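What follows is a short report on a single structure.
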Amino acid sequence: MSNSPYSWLSHSLETIHRANWYRSVQPLEGLPGPIARLKDQEVLNFASNNYLGLAGDRRLIQAATAALEQYGTGSTGSRLTSGHRGLHQQLEASIARLKQTEDALVFSSGYLANLGAIAALAGPRDLILCDEYNHSSLKNGAILSKATVLTYSHGNVEALTEKLKEYRQTYRRSLIISDSVFSMDGDLAPLPQLLDIAQTYDSMLLIDEAHATGVFGSSGAGLVEHFQLDKPELIQVGTLSKAIGSLGGYVAGRSVAIDYLRNRAPSWIYTTGLSPADTAAAQTAIEMIQTEPQHREQLWHNIRYFQDLLARHCPHLTPIALESPIICLPLENPQHALDLSEYLKTQGIFVPAIRPPTVPTSRIRISLMATHQPEHLEALIEGMIKCG
Ligand SMILES: *Cc1c(COP(=O)(O)O)cnc(C)c1O
């Protein structure tokens, strides 16, 4: 018998260790970019969501510094009390312009945007349909809403349709939720079909553009723009912390939806407004995304070059998908994924191993950036060849 109500913690950690699921943090030094310092070693960084390289850009740093000087470090309260600044309003107008929506609402993170939006849009009498590979924030938003949650197999529009056919009429309202670019696989959601299905079954649709904003679409608005979907009712969520290079999240859509969220989204109402520095950096990044397509073009150039190298030098490796800057190579088990990641680290290359329970099967996950040079991509291929 244990004598402490906390003794289960160390037992649980032992189980996590035995399964090779244990994780810990490692500090990176210096400005974000293709080369990072990891402890005493310089490494090529293929682990970052900084797709356009903006997180270390001088103009974002200057904008954040100016906002710090003018407004201080914290926004000091909820947006509904003392925490609302003109900067927030400007940023929301910029996001709405980028997304071509009537309005937008900035949250303190993408995770909080999903929690708040989903919990506000659905309740105990409603139905939520959730792709099995959706991001944790979507899944937990669904739980928080207390709606009935049905999970459909990944990207499977037939399975989704079947569930709606069988259960839709039993519930008051329905909400379909999906990543647009799936974060741990790098593949794309079938957005046009999801919109059709939502329409047919009188369902709302919420799309998380976290990995697509700044990356897809002719103006960088995301996968909705890429597919040229003109659907004003669609609810789009995203983050300011990936291609946009700052911190925070947003929901964009019809004014009526945004206005409702301002009144009902708990993770917006009861949390402190985004800091002035983060807000100003995001504002500058969105302007750059709209006026400087070269960052996005360079990223896609790198994606195509890497695809080429992979096909030429590692034809036996089949990535889970080759549709986005996220390229995952499946491995048999967690140990293999860890071994490859560790080996690459000895070669000065940082590529994380992604294991259960984050994903159902182990893999290494390569994230490409606009600021990677051709020789960086070549070095990664060389490292993988050497490892066999
Ligand atoms: C990263 C991510 C989030 C969370 O965004 P943060 O701003 O980092 O909290 C939400 N959804 C998806 C799909 C993501 O990949």
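The values are calculated or read from the model by the stated rules, or taken from the named source; none is laboratory data. Remember, it's a predicted structure, so these values are computed and weren't measured experimentally. Glycine also receives a Cβ, built like all others from the backbone with ideal geometry; neighbour counts cover every protein chain displayed.
Does Thr81 satisfy the condition of being among the polar types (S, T, N, Q), in a loop (DSSP other than H, G, I, E, B) and touching a residue at least 60 places away in the same chain (Cβ under 8 Å)?
Working: among the polar types (S, T, N, Q): yes; in a loop (DSSP other than H, G, I, E, B): yes; touching a residue at least 60 places away in the same chain (Cβ under 8 Å): no.
Judged against the criteria, Thr81 is not a match.
Taking the stretch 303-322 as the range and being within 20 Å of the chain's Cα centre (by Cα) and surrounded by 18 or more Cβ atoms within 10 Å (Cβ to Cβ) as the test, the residues that pass are Ile303, Pro319, Ile320. For the residues Ile269, Ile303, the requirement of being outside the structural domain of Gly83 (by the TED database) and more than 16 Å from the ligand (Cβ to nearest atom) singles out Ile303.
Out of all the residues in the stretch 125-132, is one or more within 11 Å of the ligand (Cβ to nearest atom) and not in a helix (DSSP H, G or I)? Checked the stretch 125-132: at least one residue is within 11 Å of the ligand (Cβ to nearest atom) and not in a helix (DSSP H, G or I).
Quick one: count up the residues across the stretch 124-151 that are touching a strand residue (DSSP E or B) at 6+ places or on another chain (Cβ under 6 Å) and either surrounded by 15 or more Cβ atoms within 10 Å (Cβ to Cβ) or farther than 21 Å from Glu323 by Cβ (or both).
From the stretch 124-151, those touching a strand residue (DSSP E or B) at 6+ places or on another chain (Cβ under 6 Å) are 127-132, 134-135, 138, 142, 147-151; that's our starting set.
Adding the requirement that they be either surrounded by 15 or more Cβ atoms within 10 Å (Cβ to Cβ) or farther than 21 Å from Glu323 by Cβ (or both) leaves 127-131, 134-135, 138, 142, 147-151.
Total meeting the criteria: 14.
When Ala221 is tested against (1) in contact (Cβ under 8 Å) with a residue 40 or more places away in the chain; (2) more than 14 Å from the ligand (Cβ to nearest atom); (3) surrounded by fewer than 24 Cβ atoms within 10 Å (Cβ to Cβ), just one condition goes unmet, and that condition is (3). Under the condition of being within 9 Å of the ligand (Cβ to nearest atom) and assigned to a loop (DSSP other than H, G, I, E, B), which residue from the stretch 96-112 is surrounded by the most Cβ atoms within 10 Å (Cβ to Cβ)? For the stretch 96-112, the residue satisfying everything is Ser108.
Let me confirm something: among Leu205, Leu195, which residue is on the phi < 0 side of the Ramachandran plot, away from the ligand (no atom under 11 Å from the Cβ) and assigned to a helix (DSSP H, G or I)?
Numbers: Leu205 fails: assigned to a helix (DSSP H, G or I).
Among Leu205, Leu195, only Leu195 is on the phi < 0 side of the Ramachandran plot, away from the ligand (no atom under 11 Å from the Cβ) and assigned to a helix (DSSP H, G or I).
Is there a residue being farther than 17 Å from Ser108 by Cα and in a strand (DSSP E or B) anywhere in the stretch 215-226? So far as the stretch 215-226 goes, no, none of its residues is farther than 17 Å from Ser108 by Cα and in a strand (DSSP E or B). Of the residues contained in the stretch 297-319, none is found to be modelled with pLDDT of 95 or more and of a type in the set (Gly, Ala, Ser). For the stretch 152-183, filtering for residues that are over 17 Å from Met204 (Cβ atoms), more than 16 Å from the ligand (Cβ to nearest atom) and polar (S, T, N, Q) leaves 2. Would you confirm, using the coordinates I've provided, whether Glu342 is more than 25 Å from His154 (Cα to Cα), at pLDDT 95 or above and not in a loop (DSSP other than H, G, I, E, B)? So Glu342 does not fit the description; no.
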